[in-house]
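One structure below.
Readers should treat all values here as calculations from the given coordinates under stated rules, not as data from a laboratory. The model shown is predicted, which means the values in this text are computed figures rather than measured ones. We place every Cβ from the backbone using ideal geometry, glycine too, and count neighbours over all the protein chains shown.
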Amino acid sequence: MKTFILIHGSWHSAWNWHRVIPILEKQGHKTIAIDLPGMGRDKTPINEVKMKSTVEKICNLIDSIKGKVILVGHSKNGIMISQAAEYRPDKIEKLVYLAAYLIPDGKTQREYSLQDTEGILKPYVTIHEQLHASTLLPEIYKEGLYHDCEDNITELAKLLLSHEPIESGITPLQLTNGNFGRVPRVYIECTEDRTVTTFIQRKMYTETPCEKVYSLPTSHSPFFSRPQELSDILCEIALN
């Protein structure tokens, strides 16, 4: 059985995965969902969070695990699993991008986000210059992130969503074919996504091809709305 490291997206934390973890573990897999620096239970001051230290936290976790891992990145933090793969290619069995930013060498997440003109979150993002961070206005949570999820997920989000560091989104990735390029990649697109739309998802996995692309007819949050279907795909990825 495999070890999954589950990486949450912007403004979120490890709680994203609370419906997926028991399904994967019932199938015998080990799962680790982490709070990235400044998020969830990690109390690093948000204005001190950098992409470098975030990737280091992921790499340190990888180093602590015997054998290889499958890295799953959601949304913005596809950039984190890509950069971690550059530094630990021999420790990562597969990279799984879940409606995630799959960005080429030398490019930034922000460059691709700006191309996604149909995404509906941008008018609801508040920038806090002194904190080098952003927050998302709660009135867009349901429509933008959880339109196919139970209402209690939106209520939980109102309690748990936090600041998102800006620096990582404007930091160019540093990737090589010799490291990142030799780690197998899989993409899971969400075809009803209003946050990272199918336009930009397909542009990214066309420009940076993956071994396989799966499709889920869901919002940006299939770990809440379709945890069984998502887990089934992750289990299939683990076996292939």
Exercise. Under a point spin-label approximation (7 Å from Cα along Cα-to-Cβ), what is the residue 177-residue 126 distance to one decimal in nm?
Worked result: 4.7 nm
For this session: Sticking with the crude label model, points 7 Å out along Cα→Cβ, report the distance from residue 162 to residue 64 in nm, one decimal please.
Result: 1.7 nm
Problem set entry | Isotropic mean projected area of the C-alpha convex hull, the chain (nm²) | 11.4 nm²
Seminar exercise, completed: Counting sequence-distant residues (5 or more places) and residues on other chains, those with an amide H built under 5 Å from that of residue 4 are 30, 31, 32, 70
Exercise. So which of 107/142; 52/91; 91/212; 50/212; 30/212; 66/203 end up more than 27 Å apart, counting from Cα to Cα?
Worked result: 107/142; 50/212; 66/203
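Can you list the trypsin sites (Lys or Arg not before Pro) in segment 1-76 that are in a DSSP coil and have 11 or fewer other beta carbons within 10 angstrom? Working shown, then result.
On the way: sites: 2, 19, 26, 30, 41, 43, 50, 52, 57, 66, 68, 76; in loops: 2, 19, 41, 43, 50, 66, 68.
Those that pass, being in a loop and sparsely packed, are 41, 43, 66.
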Exercise. Nearest 20 debye, what's the magnitude of the dipole of the chain about its Cα centre given +1 on Lys and Arg Cβ and -1 on Asp and Glu Cβ?
Worked result: 700 debye
For this session: Mind computing the radius of gyration and Dmax over the alpha-carbon atoms of segment 29-72? Å is fine for both.
Result: 11.6, 35
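Given the DSSP H assignment, sum -39500 (n - 2.57) over each helix run of at least 4 residues in the chain and divide by its residue total; what's the result at 222 nm in deg cm²/dmol, nearest 500?
Using -39500 (n - 2.57) per qualifying helix, the result is -8500 deg cm²/dmol.
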Seminar exercise, completed: As a percent rounded to 5, the proportion of antiparallel DSSP bridges among beta bridges in segment 3-239 is 20 percent
For this session: For segment 122-130, take each phi angle, set θ = phi - 60°, evaluate the Karplus expression 6.51 cos²θ - 1.76 cosθ + 1.60, and give the result in whole Hz per residue in order, putting x for glycine and proline.
Result: 3, x, 9, 8, 9, 8, 10, 4, 5
For this session: Mind checking segment 92-174 for GluC sites (Glu not before Pro) that DSSP puts in a loop (not H, G, I, E or B) and that have at most 15 other Cβ atoms within 10 Å?
Result: 118, 150
